[in-house]
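Below is one structure; the comments refer to it alone.
The values are calculated or read from the model by the stated rules, or taken from the named source; none is laboratory data. All of these numbers come straight from a predicted model, not from anything done at the bench. Note that we place each Cβ from the backbone using ideal geometry, even for glycine, and neighbour counts take in every protein chain shown. We work out accessible area using only protein heavy atoms, side chains counted, and drop any ligands, DNA or RNA first. Shrake-Rupley method; radii C 1.70, N 1.55, O 1.52, S 1.80 Å.
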Amino acid sequence: MTEVYTIEDQRFRLAARIALEESALEVGWTASTALGNGDEVERERRRMLDRLLFAKGWMGLAWPVQYGGGGRSQREYAILAEEASRLGLSTWYNRIALGIVGPALLMFGSEAQKERFLRPALACDEIWCQGFSEPNAGSDLASLRTRAVVDGHEWRISGQKIWTTLGNEADYCFLLARTGSQPRHRGLTVLLVPMHQTGIEVRTIKQMNGEEEFCEVWFDEARAPRDAVLGEIDGGWTVTMSALTYERSLYLLQRQLRLRRLTDELIEGVDWLNADDAVKDALIDADIASTSLGLCMRDQIERLDRGEPVGVYGNASKVYWSESYQKLTRLAVDLAMAGLAPGREAWVKEHYSSLATSIYAGTNEIQRNIISEQALGMPR
Ligand SMILES: Cc1cc2nc3c(=O)[nH]c(=O)nc-3n(C[C@H](O)[C@H](O)[C@H](O)COP(=O)(O)OP(=O)(O)OC[C@H]3O[C@@H](n4cnc5c(N)ncnc54)[C@H](O)[C@@H]3O)c2cc1C
């Protein structure tokens, strides 16, 4: 694993930093504690920021140039992500599109689909959501019931999705639906469904941190063109697994980098003179966790650049990251309550937000199941 940045890397870093800072200034965006969508003003500024960065050639850095990307390595993308995180950006605005849909399209999409969807996604002109979870199908995704049937030139879709991030703003849904007669994962298909139609109703869900980042989505005879299939009909499980693997690795990079920043912030802000040994030990543990995670992420990036799958390493770092993040923010809240660290309100908000991280992209219990089966060879 290469640990030292080259001069070229550092030049690239400086260019990325300047582009990010200038663009943020141009759209009037400053870091906020919003982890999700934020309020209306925050949302608009974030969208404008992504648009501007696309116009300057900084979005989709590791995607092919022919689809609007930068044609660069994942290593360079990681440098950009580090700089974005330094500025306070823990995700791109069109995060489902960039983190899940785009990579899946690049891997499974037809030429026409790539031409049609990738550039508008990068430009933040078309927002995407991911319609996987249902009220009775979360961890057990293969039991989902939303059904799509062929009707002439179209698919007709009925069912309900839940916890759909960006569902209320999305122009398209990356939908997993039951299409075949085969049970469980064998009869599922990924469809690229337009959201602006009468057969779709969206309602936001209010979260404990006050934000309304995700939604319930009802499909009542909703329509999608026949060529809206990504990959094979009834072959949606392969597409889904690949999208989820990506979601647990690079998609989380900026969020993992946020942990580094928050750890440094807490360590610098603590009243060390009045902290007892237990507090000092907890802070040292937090520092070690952030550093180890940084090394794990760098290893995954190098694997991707070599064309190797990230596999179970993505599952392991997702668990380690989310649990370290929850532990750090819990510690910060306790220290702030005891008057040993500043920023009580911000830490409480951050801690609330951290609670979701062991649930989304597959719960940590499910990640542990995968690790025990695939890496440790334990029985199901
Ligand atoms: C912030 C956030 C954003 C999200 N965004 C999206 C989105 O955009 N699109 C989308 O489709 N979904 C999204 N989700 C949903 C998320 O994928 C699900 O919440 C998750 O998969 C868990 O499903 P569930 O909530 O139905 O819980 P359940 O599956 O009912 O699980 C309940 C509990 O039982 C445990 N459990 C279940 N099965 C097992 C097992 N076999 N072994 C051990 N333990 C088990 C789980 O770990 C969990 O603790 C989001 C969730 C969050 C929190």
Looking for something within 16 Å of the ligand (Cβ to nearest atom) and among the hydrophobic types (A, V, I, L, M, F, W, C) - is there at least one such residue anywhere in segment 282-305? no
Of the residues in segment 217-253, how many are under 30 Å from GLU350 (Cα atoms) and open to solvent by 10 Å² or more (accessible area, probe 1.4 Å)? 8
If PHE214 satisfies every condition in (1) buried (at least 22 other Cβ atoms within 10 Å of the Cβ); (2) modelled with pLDDT of 95 or more but one, which is the exception? (2)
Which condition number in (1) in contact (Cβ under 8 Å) with a residue 60 or more places away in the chain; (2) more than 26 Å from THR263 (Cα to Cα); (3) surrounded by 17 or more Cβ atoms within 10 Å (Cβ to Cβ) is the one that TRP58 fails? (1)
Residues of segment 326-371 classified as over 24 Å from PHE214 (Cα atoms), surrounded by 15 or more Cβ atoms within 10 Å (Cβ to Cβ) and within 11 Å of the ligand (Cβ to nearest atom), total: 2
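With the requirement that a residue be farther than 17 Å from LEU252 by Cβ and in contact (Cβ under 8 Å) with a residue 12 or more places away in the chain, what does segment 337-367 give you?
Answer for segment 337-367, where residues must be farther than 17 Å from LEU252 by Cβ and in contact (Cβ under 8 Å) with a residue 12 or more places away in the chain: GLY339, LEU340, ALA341, PRO342, GLY343, ALA346, TRP347, VAL348, LYS349, HIS351, TYR352, GLU365.
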Do you know which residues across segment 139-166 are touching a strand residue (DSSP E or B) at 6+ places or on another chain (Cβ under 8 Å), open to solvent by 40 Å² or more (accessible area, probe 1.4 Å) and farther than 16 Å from THR189 by Cα? HIS153, TRP163
Pairing a residue in segment 118-145 that is within 14 Å of ASP171 (Cβ to Cβ) and in contact (Cβ under 8 Å) with a residue 40 or more places away in the chain with any residue that is aliphatic (A, V, I, L, M) and in a loop (DSSP other than H, G, I, E, B), where Cβ atoms lie under 6 Å and the two sit 6 or more apart in sequence or on different chains, gives LEU122/MET59; ILE127/LEU166; ILE127/ALA170; TRP128/ALA170; CYS129/LEU166; CYS129/ALA170
